[in-house]
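To start, the structure itself, in structure tokens.
The values are calculated or read from the model by the stated rules, or taken from the named source; none is laboratory data. The structure displayed is predicted, hence computed values, not measured ones. Cβ atoms come from the backbone with ideal geometry, glycine included; neighbour counts cover every protein chain shown.
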């Protein structure tokens, strides 16, 4: 049975691989490994999501389920004065993300390991809220898990904060869009390409 990447400690033997990606005009050299999402190449859904993000004015972004870091590190490169928060359930993924931040000279990141928003509960308790959450949801973990993460994202966003997520059309993107509308009150498809849909939702300001 193929190991599930949505796990705390992958048991797969290490198979390190280096890839170079260009996102939003920024080149990143990234180390990947077995047991993490999209080891061989940058997932096209992730690329579409990153290219679709509206980052102007963003001050407190979270890359939720960061994997080896392409989303969060691209934001960090584009927004050098902003601290980018990144987390993943998968410990190997967060270790890779930290390594990739260092190898690309990006110091404006905070990377933590844990499920959903649990790694950020100290910030939440202190009153901190994110203004953007970007994620490529762990669909293999099941719909219940994905919807839990959507609901938690709403709770951890500032009023007016935005959730951006990418899902394949054939894996239920239209259904998830309706669920996002139910959770947030508004949601729309922000981009559509090659069978992927970028879904966008905004938390009400009141």
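Things worth noting here:
- Among residues of the range 19-49, those that are surrounded by fewer than 16 Cβ atoms within 10 Å (Cβ to Cβ) and modelled with pLDDT under 90, counted: 2
- Of everything in the range 49-72 that is over 17 Å from residue 131 (Cα atoms), free of Cβ contacts under 8 Å to residues at least 60 places away in the same chain and assigned to a loop (DSSP other than H, G, I, E, B), the residue that is nearest to the chain's Cα centre (by Cα) is 69.
- Residue pairs meeting the criteria (Cβ under 6 Å; at least 6 apart or on separate chains; first at negative phi and surrounded by fewer than 18 Cβ atoms within 10 Å (Cβ to Cβ), in the range 147-176; second modelled with pLDDT under 95 and part of a helix (DSSP H, G or I)): 171/139
- Count of residues meeting criterion [part of a helix (DSSP H, G or I), without any contact (Cβ under 8 Å) to a residue 40 or more places away in the chain and buried (at least 24 other Cβ atoms within 10 Å of the Cβ)] in the range 73-96: 1
- Residue match in the range 7-18 (condition: in contact with a strand residue (DSSP E or B) (Cβ under 8 Å, 6 or more places away or on another chain), assigned to a strand (DSSP E or B), at pLDDT 90 or above and surrounded by 11 or more Cβ atoms within 10 Å (Cβ to Cβ)): no
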